[in-house]
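Notes to accompany the following structure.
Every read-out reported here was derived from the displayed coordinates using simple, explicitly stated rules and does not represent laboratory data. Model, not experiment: these values are computed from the prediction. Virtual Cβ from ideal backbone geometry, glycine too; neighbours counted across all protein chains shown.
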Amino acid sequence: MTNSGSRIDHLEENIIALLLGIMTVLTFANVVARYVFVSNIFWALELTVFLFAWLVLLGASYAVKKTAHLGVDALVNMASPERRRTLALVVTGCCILYAALLMKGAWDYWAPYANLPPTEGRWFPMGFVEKFRGNGWYETQDIPVPFFLRWLEDVFNGGAEYEKLPKVVPYLVMPLSMALLLFRFVQAGARVWRGEIDMMIVSHEAEDDVAEAGKALAEEEGK
Amino acid sequence: ACDSGEVVIKFSHVTNTDKHPKGIAASLLEQRVNDEMNGKACMEVFPNSTLYNDNKVLEAMLQGDVQLAAPSLSKFEKFTKQFRIFDLPFMFNNINAVEAFQASDAGQAMLDSMQNRGLQGLAYWHNGMKQMSANKPLLVPSDANGLKFRVQSSDVLVAQMEAMGASPQKMAFSEVYGGLQQGVVDGQENTWSNIFGKKFFEVQDGTTETDHGILDYLLVTNVDWLNGLDADVRDQFLTIVSEVTETRNKESTAVNAAAKQAVIDAGGVVRQLTAEQRAAWVDAMKPVWAKFEGDVGKANIAAAQKANKASM
Amino acid sequence: MELLLLFTMVIGLMLIGVPIAVSLGLSSILFLLVFSDSSLASVAQTLFEAFEGHSTLLAIPFFILASSFMSTGGVAKRIIRFSIALVGHFRGGLAIAGVLACMIFAALSGSSPATVVAIGSIVIAAMRQVGYTKEFAAGVICNAGTLGILIPPSIVMVVYAAAVEVSVGRMFLAGVIPGLLAGTMLMIGIYVMARVKNMPSGEWKGWREVYQSFSDAVWGLLLIAIIMIGIYGIPGITGAIFTPTEAAAVASIYAFIVASFIYRDMGPLAAGEDGVKSSLLQRPQALVTALWHEDTRRTLFEAGKLVITLMFVIANALLLKHVITDEQLPQKITEAMISYGFGPVMFLIIVNIILLIGGQFMEPSGLLVIVAPLVFPIAIELGIDPIHLGIIMVVNMEIGMITPPVGLNLFVTAGVANMSMMGVVRAALPFLAIMFVFLIMITYIPAISTILPNAVMGPEIVTH
Ligand code: NA
Ligand code: NA
């Protein structure tokens with residue numbers, strides 16, 4: 001593992017930990033606000049939901065890098081090494097196709113909220129649509145605009161004031177995460193090609209814990 | 001299922017198909033379009049939020065993935081703040097005043113007011129006037145002091161609850177019954193048909209007939225889709241829409257009256273306000289108007305007041 | 001027909017090793033592009049909607065986090081000590097205590113594998129030491145661990161509630177009696193086996209040990225009270241304090257505090273090289289430093305990773321659900337089944353079979369997201385209580401976890417116990433029989449599931 005690689009790992013891990021931490025504290029704070037102060041952080045629920053989406057969608061590409069996605073390995077494990085490599089290449093193709101289609105979908109979904117044109121074409125992007133309606137004015141339900149994001153008004157709303165955070169912000173995670181996902185699948189594909197890995201999945205969740213517990217038990221029995 | 005060559009009209013809504021006023025209207029529309037426009041158009045109804053909820057359906061409509069929806073009027077406040085007039089407390093005396101305002105030039109102009117943002121309002125569908133319920137009797141505004149009320153996401157409704165000293169709370173609709181019963185929140189506001197349909201009255205001390213607000217829906221479509229239809233298809237479709245609207249809106253008063261009676265029959269407590277008590281509620285809530293006057297427009301408020309007089 | 005094509009594709013992709021989430025998502029996208037006019041943008045929208053439109057799913061990350069703090073914080077070993085103090089002296093006592101510990105831990109945790117890992121890694125070793133066979137130990141824990149999703153809180157119940165829009169609180173209550181019943185049936189089964197095979201019994205260490213082990217475990221056990229009282233209140237004393245989602249968040253914060261400051265098994269006060277725990281008085285700055293202590297960061301990250309992989313499957317399963325709805329397949333299936341004249345009994349048998357087969361391929365939450373919307377409308381049409389249907393589905397998921405080839409608990413147990421998969425499968429078999437009897441009882445006696453929620457929350461309102 002190169003140094004920059006582990007630095008990025010560390011960054012991604014911290015983002016995951018931080019997002020989950022903020023979600024928890026925000027929800028807890030709302031309970032305190034309601035029960036202790038008979039008040040309500042009205043925007044807490046919506047913001048927590050958006051953080052949840054960011055956590056999972058951004059995290060999906062991290063899970064590709066760490067081959068942590070859940071899958072079924074029963075059949076793959078029975079195949080010969082050569083067959084496994086072929087299968088893994090097919091699997092990579094499927095994953096790349098999935099991420100590429102979603103990448104187009106994510107752009108087409110997000111772009112109007114950023115007053116940018118969606119792409120032409122049903123399956124494959126064939127250039128940009130010429131005539132479209134920008135939805136830069138479209139706001140989220142409850143989240144106020146923090147002071148440091150006031151510049152959004154000039155960029156996306158023709159200078160008109162936003163009462164609530166515009167949708168362009170939370171939905172940004174769609175193209176962002178799908179681009180990352182596509183990138184990680186292509187990278188994983190290269191590793192399969194070079195023969196470094198032959199699977200895109202971890203067989204089951206909790207594998208690390210299980211391995212650890214199993215090791216402890218083995219030591220216990222060795223005594 | 002739709003045959004090839006037919007214009008497909010997907011209608012996504014959030015209620016059942018046979019008990020809720022909106023669901024009944026949607027089913028009637030579906031039936032008439034599929035009978036009378038067979039070969040030209042075909043309607044598929046997706047009830048119970050199975051396809052989209054009220055927040056996402058408008059996004060999907062702008063994308064062109066769904067053609068008809070009927071969210072509550074509050075949802076259109078993001079498109080134009082004029083729609084806040086329907087959330088302002090005691091803006092309308094009764095459902096007839098609402099009807100008169102919606103039919104007026106001001107009300108009809110609002111149907112077209114979102115064209116630049118991609119939506120075309122087709123018709124107002126009534127649910128009815130909103131009532132207030134809580135886990136203690138509500139007779140004067142101070143009774144609501146310090147109570148936690150579940151409201152829809154709307155700045156006006158938040159301000160309304162704060163004006164009566166209550167704390168507005170956000171909660172998913174599916175958790176409201178449990179929330180009221182278990183005491184996570186103390187009260188809520190809704191129409192008789194929702195209070196009966198969702199059985200809120202069972203878990204509240206009682207419901208006060210405040211008629212303080214209106215819960216209506218806007219049948220809406222994508223303006224580009226509508227303009228792209230052949231003229232004869234569009235005209236026939238719009239005619240059916242307006243006939244269904246008229247039929248169902250006439251029923252709405254009866255539906256709510258029946259729901260109210262059903263609440264009483266099921267042992268729910270319904271409280272009426274005296275003239276003085278009602279005046280106190282109006283006094284407490286009316287300051288909210290000033291805050292949103294600029295959003296709604298003085299002319300619209302004037303038109304609403306005119307409608308109130310006409311419907312006395 | 002289209003449905004068959006869709007599911008063949010999903011299963012085919014999974015079997016060649018495509019991640020479950022991608023199998024679900026790619027099949028949905030291709031199906032939608034071929035058979036519908038919906039845009040790719042609508043796919044992206046639906047993926048985001050998985051979070052934005054289902055705020056009840058928020059309970060999942062919080063319950064996972066609470067469970068992570070509890071496992072890291074050594075709560076499991078205290079619960080086990082308490083269980084052994086209570087029932088360890090019966091014949092087969094350690095095994096019975098293992099089941100009891102699984103039941104208690106299940107009331108803290110929302111997942112079955114987490115329960116197996118937390119309890120199994122300690123109990124299986126202990127059982128081996130006093131002379132139980134490895135197979136017997138593995139079989140017991142593997143089965144009892146499935147109670148993690150039946151005894152509330154439960155991630156699978158949260159997913160069901162979100163998929164068909166019933167109240168999470170009601171689902172949780174519905175799991176209480178079935179959970180206790182299943183646990184009791186397992187304990188009786190073990191006791192009978194223990195008498196027949198003359199298995200070892202522990203010694204009765206007296207009420208003092210019961211009291212001491214209870215005092216030691218009480219901070220963990222209090223979490224159960226926080227969750228239950230928080231969601232339902234105490235009749236006549238206090239109303240509820242929070243929604244199930246909020247309960248999960250509160251549980252996480254509480255578990256963090258207990259693990260870092262009371263048990264001090266993790267965080268700045270944990271034992272260092274010298275093996276001595278510090279007290280908060282010695283190091284008051286720990287109140288703040290615990291927030292970014294490596295153990296805290298690690299636990300948040302590990303829980304986050306679990307949330308990501310699980311929720312990515314669920315989000316893609318919701319994509320498949322969207323496509324199925326878009327094609328109006330549930331209506332078509334309902335019409336077909338009603339026209340064949342299926343009654344509730346036949347229908348429930350079919351549901352059981354679908355879930356048991358589906359459970360061979362799918363992670364339980366993802367399977368539920370797909371199957372629930374298909375069978376829910378039919379169930380309502382046939383007058384089956386939605387909560388009862390939910391519990392039936394959960395019990396099916398439990399059984400799916402302990403049947404080959406894909407049984408999450410089988411795999412986890414094999415890892416924890418250092419056994420082969422087939423070894424665990426054989427070991428689990430006698431207990432599996434008990435679970436099947438239990439499934440039949442749950443399926444045909446609705447009252448087991450509905451009596452408690454109906455008593456506490458009134459009868460379920462069917463609004464669909
Ligand atoms: Na549990
Ligand atoms: Na299985």
When Cβ neighbours within 10 Å are restricted to other protein chains, what is their mean count per residue of peptide C:161-170?
4
Answer rounded, prolate or oblate for chain A, using the Cα gyration tensor with square roots of eigenvalues a ≥ b ≥ c: rounded when a/c is under 1.5, else prolate when a/b is larger than b/c, else oblate.
oblate
Please compute the modelled spin-label separation between B:ALA302 and B:GLU36, points set 7 Å along Cα→Cβ, answer in nm with one decimal.
3.8 nm
List the pair-distance distribution P(r) of chain B, using every Cα-Cα distance, as the percent of pairs falling in each 10 Å bin from 0 up to the bin containing the longest distance, rounded to whole percents.
6, 27, 35, 23, 8, 2, 0
For a paramagnetic label modelled at 7 Å from the Cα of A:ALA179 toward its Cβ, which residues of region A:106-127 fall within the zone defined by backbone nitrogen distances under 18 Å?
A:106-120, A:125-127
Under the Karplus relation with 6.51, -1.76 and 1.60 and θ = phi - 60°, whole-Hz ³J(HN,Hα) for region C:27-42, x at Gly and Pro, equal 4, 4, 5, 5, 4, 5, 5, 7, 9, 9, 9, 5, 8, 5, 4, 5
Charged-residue dipole, Cβ positions (Lys, Arg, Asp, Glu), the protein assembly as shown about Cα centre, Debye nearest 20:
2240 debye
Which whole number gives the average, over all residues in A:41-48, of C-beta atoms from other chains lying within 10 Å of the residue C-beta?
4
Just to confirm my numbers, what's the Cα centroid distance between region A:62-83 and region C:12-76 in Å?
19 Å
Mean 1/r over all different Cα pairs, inverted: what Kirkwood radius does the protein assembly as shown give, in Å?
29.8 Å
Per-residue HN-Hα couplings for region C:88-94 [Karplus 6.51, -1.76, 1.60; θ = phi - 60°; Hz; x = Gly/Pro]
x, 7, 5, 5, x, x, 5
Residues B:THR253 and B:GLU276, FRET efficiency given R0 of 30 Å [Cβ-Cβ distance, rounded to 0.05]:
0.70
Given 0.36 nm per residue, what is the gain on full extension from C:LEU221 to C:LYS197 after removing their alpha carbon distance, in nm?
5.3 nm
Measure out, as a whole number of angstrom, how far apart the alpha-carbon centroids of region C:378-453 and region B:223-250 sit.
52 Å
Sort A:HIS10, A:HIS69, B:HIS126 so the one with the fewest other Cβ atoms within 10 Å of its own Cβ comes first.
A:HIS10, A:HIS69, B:HIS126
Quick one: if you stick a label point 7 Å off each Cα along the C-beta vector at C:LEU287 and B:VAL269, how many nm between them?
4.5 nm
Sequence-distant residues sharing a close amide H with B:GLY206 (under 5 Å, placed H):
B:ALA134, B:LYS136
I'd like the distance between the alpha-carbon centres of region B:1-61 and region C:268-334, rounded to an integer number of Å.
40 Å
Could you line up A:TRP123, B:TRP281 from fewest to most neighbouring Cβ atoms inside 10 Å?
A:TRP123, B:TRP281
At a Förster distance of 25 Å, what's the computed FRET efficiency of A:GLN187 paired with A:ILE22, Cβ-Cβ distance as r, to 0.05?
0.30
Looking at chain A, which longest stretch skips every one of the GluC sites (Glu not before Pro) that is in a DSSP loop with at most 10 other Cβ atoms within 10 Å, leaving the sites themselves out?
A:1-129
Among rounded, prolate and oblate, which fits chain C when a ≥ b ≥ c are the square roots of the eigenvalues of its C-alpha gyration tensor, a/c under 1.5 means rounded, and a/b larger than b/c means prolate?
prolate
Short version: ³J(HN,Hα) in whole Hz for each residue of region B:48-60, in order, from phi by Karplus 6.51 cos²θ - 1.76 cosθ + 1.60 (θ = phi - 60°), x for Gly and Pro, what are they?
6, 6, 5, 9, 9, 8, 5, 6, 7, 5, 6, 4, 5
